């Protein structure tokens, strides 16, 4: 019989991690995406490559280096701070790094699709650069923001390798749904694993369906 308390705890922690990670990614990723979309320098190409690395880098490799960086011998220990490994803040940092391209890239593509013309028109009306960004660029790039938000949230919910490396399996602290499924399989509790995995399968289907519907609606109302 599945432990509903354990599943509810893992579900709550997963949703909390995905929500916090997505919000952090939107705050940090929006100006980064804007700069990458507008800059044509070698530095921006290098930064764009670094942002995209998690798309091809094995999660365990990224998780290993994050574990070293967040551990007592990493940056935290260097500045006399406690280790962030195997803690919720550490999970957030790892999730932000791992899901960064899934938020930045759609927003960057949307900013690039806006082009220069709308911004130039706004400039002739004496709109400041900040006004042009918030009143012209952001509204026109709303499809990218919606896609990035959905992808960032969903990708964080499904994380496994990075979460396992830097968070382990601590109930109520780092035990998210993907780790719970792995734990159930290790214990040969396949019925419990089926139940949780089935729920995540339905969630994944709904995410893809929602993205398709959102893209269609935005395409219909776009002038």
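Just so you know, all these numbers are worked out from the coordinates, no wet-lab data involved. All figures in this text were calculated on a predicted structure; none of them were measured in a lab. Don't worry about glycine lacking a Cβ; one is built from the backbone with ideal geometry, like all the others, and counts go over all protein chains shown.
Between 0 and 90 degrees, the angle of helix 177-186 with respect to the longest Cα principal axis of the chain falls at about 30 degrees. Cα axis of helix 88-114 to longest principal axis of the chain: angle in degrees, 0 to 90, nearest 10? Orientation of helix 88-114: about 30 degrees from the principal axis. Averaging the Cα positions of each part gives two centres, and for the range 118-166 and the range 13-76 these lie 15 Å apart. The C-alpha radius of gyration of the range 139-223, expressed as a fraction of 2.2 N^0.38 Å, stands at 1.40. On full extension, the segment bounded by residue 126 and residue 40 gains 28.4 nm, given 0.36 nm per residue less the C-alpha separation. Annotation: extensible slack from residue 142 through residue 187 equals 11.7 nm (criterion: 0.36 nm per residue apart, minus Cα-Cα distance).
Axis of helix 59-70 versus longest Cα principal axis of the chain: the two differ by about 90°, to the nearest ten degrees. Compactness of the range 13-121 was expressed as the Cα radius of gyration divided by 2.2 N^0.38 Å, which yields 1.24. The packing ranking, built from the mean of other Cβ atoms within 10 Å per residue, places the peptides 98-110, 135-147, 47-59, 198-210 in the order 98-110, 135-147, 47-59, 198-210, highest first.
Relative to the compact-globule scaling 2.2 N^0.38 Å, provide the ratio for the alpha-carbon radius of gyration of the range 4-215. Let's see the in-between values first.
Numbers: Rg = 19.5 Å, N = 212, 2.2 N^0.38 = 16.8 Å.
Working it through for the range 4-215, the quotient is 1.16.
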